[in-house]
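The values are calculated or read from the model by the stated rules, or taken from the named source; none is laboratory data. These numbers were taken from a predicted model, which means no experiment stands behind them. Heads up, the Cβs are rebuilt from the backbone with ideal geometry, glycines too, and the neighbour counts pull from every protein chain shown.
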Amino acid sequence: MIDNGTLGLSVEIVHESMLDELINEFGELSFLKGLDISKDNSICWEIHGKHSYCIQAMFIGKTGYGKSTTLNKICGQELFKTDEINSCTKSLFSAEYKLDIHKNHYFSLCDLPGIGESISADKAYVEYYAGMLKKSHCVVYVLRADQRDYTKDHEILKLLFKTEEQKKKIVLAVNFSDKIEPVSRFSPFIPSQKQIENMDRKLHEIQKLFKIPKSNIVFYSAAEGYNLNVVVEKIAGLLKNVVQKQKELTPFEEQRRKTKEIHKMLPQHNCGDCGYKNCWSFAMAAASSNNSVSINDCHNFEEMF
Ligand SMILES: Nc1nc2c(ncn2[C@@H]2O[C@H](COP(=O)(O)OP(=O)(O)OP(=O)(O)O)[C@@H](O)[C@H]2O)c(=O)[nH]1
Ligand SMILES: [Mg+2]
């Protein structure tokens, strides 16, 4: 167990393996294989005494709503403790999937303590969540389909996600869909026409209240394994956006990339015949979009060919 003082909660790694273990079940996660994680934008903790960087999906929500059960089903093993009566997740538990054999980069599935145990615990957990979520890539907020009043969840999400940009990280996962009326006792759970209609009505309600796009809301049942693949699809969708954004270069980075490319093509004598101090300054001018300097202005450029 790692007592990470900066996070305020201990972090316990419950499982570690290669990402292939998850990909075998959920092919949509294969884009994470070999991914190079930006250290600036990721949460870091220690695995085997070494810093590890992760892209992660964090599961939060009220106690007893099935966060740990969902994670166990996704991981295909009983890794996270569950309980029918008492709240049982008290630390941050994480299953770690290595993205590349040579690097300490991981995809982490994280289970956080549930809200709703007591007012004082809630205050501490919400503060803790807020710190974690700043750097988190995807947050799966678990609701219950058979719940009528979502006021508390709405309050919590409003506290945690203040901007539209932050809200883009959320998947609203509506668990216990097997308990949506009219409940049937058949197993495996296949929703009846009436249950599908009721899920659709609830989807509208939830979308209106939370103002999360419908495409990021999923009805599922962890216990019955219903729509679990859709939960993972939604997580993969959000993470793909994050990865895409990290690949996009800022204007400054783009300018530097172009400069390097041009600099490589120059003779690099630093002769100064072009009027610039050296080849790097000339390459910077040629890379700049608001400058009329072109690579052909290098007097020695043609000599190279
Ligand atoms: N019927 C039904 N029961 C479920 C479902 N998902 C979870 N459960 C049950 O709900 C109970 C609580 O689940 P947990 O996974 O421990 O809930 P949790 O959100 O992790 O709770 P904390 O750790 O206290 O925050 C367990 O008995 C699960 O079997 C579901 O989709 N349908
Ligand atoms: Mg739990």
Subset of the range 119-133 [within 16 Å of ligand 2 (Cβ to nearest atom) and either without any contact (Cβ under 8 Å) to a residue 60 or more places away in the chain or of a type in the set (D, E, K, R) (or both)]: ALA121, ASP122, TYR125
Enumeration of residues in the range 248-274 that are among the aliphatic types (A, V, I, L, M) and within 37 Å of the chain's Cα centre (by Cα): LEU249, ILE262
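Take LYS67 and tell me if it is within 14 Å of ligand 1 (Cβ to nearest atom), assigned by TED's automatic domain parsing to the domain that holds ASN24, touching a residue at least 12 places away in the same chain (Cβ under 8 Å) and out of contact with any helix residue (DSSP H, G or I) (no Cβ under 7 Å at 6 or more places or on another chain).
The answer is yes for LYS67.
Just a yes or no: is a residue in the range 190-201 closer than 12 Å to ALA145 by Cα and in contact with a Gly (Cβ under 8 Å, 6 or more places away or on another chain)?
No, the range 190-201 contains no residue that is closer than 12 Å to ALA145 by Cα and in contact with a Gly (Cβ under 8 Å, 6 or more places away or on another chain).
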Residue that is surrounded by 21 or more Cβ atoms within 10 Å (Cβ to Cβ), outside any loop (DSSP other than H, G, I, E, B) and within 13 Å of ligand 2 (Cβ to nearest atom), where the choices are ILE60, ILE74: ILE60
Filter pass, LEU109 being modelled with pLDDT of 85 or more and closer than 15 Å to LYS67 by Cβ: yes
Test: SER108 is of a type in the set (Gly, Ala, Ser), more than 15 Å from ligand 1 (Cβ to nearest atom) and assigned to a helix (DSSP H, G or I): no
The one condition in (1) within 12 Å of ligand 1 (Cβ to nearest atom); (2) assigned to a helix (DSSP H, G or I) that TYR129 fails to fulfil: (1)
Residue list for the range 217-231, filter: outside any loop (DSSP other than H, G, I, E, B) and crowded, with 18+ Cβ neighbours inside 10 Å: ILE217, VAL218, PHE219, SER221, TYR226, LEU228, VAL231
From LYS202, LYS240, LYS234, residue being basic (Lys, Arg), within 16 Å of ligand 1 (Cβ to nearest atom) and in a helix (DSSP H, G or I): LYS202
Residue within the range 160-169 that is β-branched (Val, Ile, Thr) and away from ligand 1 (no atom under 15 Å from the Cβ) present: yes
In the range 45-55, residue nearest to ligand 1 (Cβ to nearest atom) [restricted to those that are surrounded by fewer than 23 Cβ atoms within 10 Å (Cβ to Cβ) and part of a strand (DSSP E or B)]: TRP45
Complete set of residues in the range 70-107 that are small (Gly, Ala, Ser) and touching a residue at least 60 places away in the same chain (Cβ under 8 Å): SER91, SER94, ALA95
Neighbours by Cβ (under 8 Å, 6+ apart or cross-chain): first from the range 165-190, within 16 Å of ligand 2 (Cβ to nearest atom); second in a strand (DSSP E or B) and basic (Lys, Arg): ASN175/ARG144; PHE176/ARG144
Residue ID - nearest to the chain's Cα centre (by Cα), chosen from residues in the range 96-149 that are within 30 Å of GLY34 (Cα to Cα) and surrounded by fewer than 16 Cβ atoms within 10 Å (Cβ to Cβ): LYS135
